[in-house]
Amino acid sequence: MFINPNSMLLNSSYKKLRQRIIDKVLQAIKLPNKVFKEATVETIIIQISNSKVNNYVAGAFYFKDEQIN
């Protein structure tokens, strides 16, 4: 699992990375804002398989102001 900026989903600078991992992503979770005290960037958690090629991705999201307990 990796915690990354949400911008990796659309930003052109991440295009090669997205192409490399697209078939290996198992799940993606969009975290709420301010989940980390010192970070202002929107974040996601992605789980990637080293070997499995996936036909679908499980996903979940939190609203911007939602709290994680």
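In the stretch 13-48, how many are open to solvent by 50 Å² or more (accessible area, probe 1.4 Å), among the aliphatic types (A, V, I, L, M) and under 17 Å from ILE68 (Cβ atoms)?
2
Report yes if some residue within the stretch 56-69 is surrounded by 10 or more Cβ atoms within 10 Å (Cβ to Cβ), out of contact with any Ser or Thr (no Cβ under 9 Å at 6 or more places or on another chain) and of a type in the set (Asp, Glu); otherwise report no.
Checked the stretch 56-69: at least one residue is surrounded by 10 or more Cβ atoms within 10 Å (Cβ to Cβ), out of contact with any Ser or Thr (no Cβ under 9 Å at 6 or more places or on another chain) and of a type in the set (Asp, Glu).
Would you say VAL25 is touching a strand residue (DSSP E or B) at 6+ places or on another chain (Cβ under 7 Å) and among the β-branched types (Val, Ile, Thr)?
Working: touching a strand residue (DSSP E or B) at 6+ places or on another chain (Cβ under 7 Å): yes; among the β-branched types (Val, Ile, Thr): yes.
Considered against the rule, which asks whether it is touching a strand residue (DSSP E or B) at 6+ places or on another chain (Cβ under 7 Å) and among the β-branched types (Val, Ile, Thr), VAL25 comes out as yes.
Do we have TYR56 as at pLDDT below 85 and farther than 17 Å from LEU10 by Cα here?
Details: at pLDDT below 85: yes; farther than 17 Å from LEU10 by Cα: yes.
Yes, satisfied.
Looking only at the stretch 28-47, decide whether some residue is among the acidic types (Asp, Glu), under 15 Å from the mean Cα position of the chain (by Cα) and under 19 Å from PRO5 (Cβ atoms).
First pass over the stretch 28-47, keeping only residues among the acidic types (Asp, Glu): 38, 42.
Filter once more, keeping what is under 15 Å from the mean Cα position of the chain (by Cα): 42.
This time we only want the ones that are under 19 Å from PRO5 (Cβ atoms), so: 42.
Yes, the conditions are met somewhere in the stretch 28-47.
Show the residue pairs meeting these rules: Cβ distance below 8 Å; 6+ apart or different chains; first residue within the stretch 22-37 and closer than 19 Å to LEU10 by Cβ and part of a strand (DSSP E or B); second residue charged (D, E, K, R) and open to solvent by less than 80 Å² (accessible area, probe 1.4 Å).
LYS30/GLU42
The values are calculated or read from the model by the stated rules, or taken from the named source; none is laboratory data. All values reported here derive from a predicted model rather than from experimental measurement. Every residue, glycine as well, gets a Cβ built from its backbone with ideal geometry; the counts of neighbours run over all protein chains shown. Remember, those area values only see protein heavy atoms, side chains included, never the ligands or the DNA or RNA. Shrake-Rupley method; radii C 1.70, N 1.55, O 1.52, S 1.80 Å.
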